[in-house]
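Read the figures in this text as sums done on the coordinates, not as results from a lab. Computed from a prediction, not measured in an experiment: that's the story for all the values here. Cβ placement follows ideal geometry from the backbone for every residue including glycine, while neighbour counts extend to all protein chains displayed.
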Amino acid sequence: MASRPGAFLETVSAFLLPYFADAAADMHEARNEILDTLASYATRTRAEMLQAAQIIAFGMTTLDVLAEARTAELSPSTRIRYRSCANGLNRSTLQTEKALDLRLGGDVPIAADPMLEPVNDLREAGVETAIEQAQAKIDACRDRAQPANGAHLRTQEERNKRLWAGAMIDTLKQMGIPVQPVPAG
């Protein structure tokens with residue numbers, strides 16, 4: 001990808017700058033190192049460049065974690081935990097590199113037939129018929145699940161009221177207000 005300045009490239013460079021700033025003499029040199037490193041991946045699209053930036057960030061973070069694991073003040077268990085984290089980062093780096101290699105090699109699978117837009121997959125008359133059929137199925141399921149006399153509505157409403165009352169009593173008790181529960185009945 002060409003190294004022309006742009007908002008996307010500047011944003012990627014800004015995110016990678018902390019990894020390069022300590023080793024460079026100044027910010028201009030660090031930015032040039034970032035651009036050279038990104039260019040070495042020969043990306044063609046923004047998505048590929050983002051993957052390359054992730055590879056760089058994962059790799060640099062892995063090295064940083066491994067360096068931190070060597071400090072003397074860490075306990076052996078913490079040192080092992082750091083090394084485990086570095087191993088996980090390394091796996092992520094390798095997976096991202098593999099994905100980028102597939103993209104750059106043109107081996108990314110492409111759908112054989114483009115998918116239809118969900119809005120346009122039925123004609124207007126077909127949409128109305130599909131909605132009516134779906135509504136009929138929903139109504140049939142509701143009819144099977146509910147008693148004909150409407151008792152379920154009363155029972156559900158009563159249960160909701162009891163749950164609400166219980167929640168209110170618990171809240172008042174937590175606030176330190178003495179509350180006498182209403183007997184169930």
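Report the FRET efficiency, 1/(1 + (r/R0)^6), for Glu10 and Glu68, where r is their Cβ-Cβ distance and R0 is 30 Å, rounded to 0.05. Working shown, then result.
Details: r = 29 Å, r/R0 = 0.97.
The computed FRET efficiency comes out at 0.55.
Under a plain spin-label model, where a point goes 7 Å from the Cα along Cα-to-Cβ, how far apart in nm are Lys98 and Lys161?
The modelled label-to-label distance comes out at 6.2 nm.
Treating only the Cβ atoms of Lys and Arg (+1) and Asp and Glu (-1) as charged, compute the dipole magnitude of the range 7-104 about its Cα centre; round to the nearest 20 debye. Please report the intermediate quantities before stating the final value.
Working: 10 positive and 12 negative charges, 114 e Å.
Charge dipole of the range 7-104: 540 debye, to the nearest 20.
When you take every Cα atom in the range 7-104, what is the radius of gyration, and what is Dmax, the widest Cα pair distance, in Å?
Using the Cα atoms of the range 7-104, the pair Rg, Dmax is 15.1, 45 Å.
How far is the Cα center of the range 15-56 from the Cα center of the range 58-88, in Å?
About 23 Å separates the Cα centre of the range 15-56 from the one of the range 58-88.
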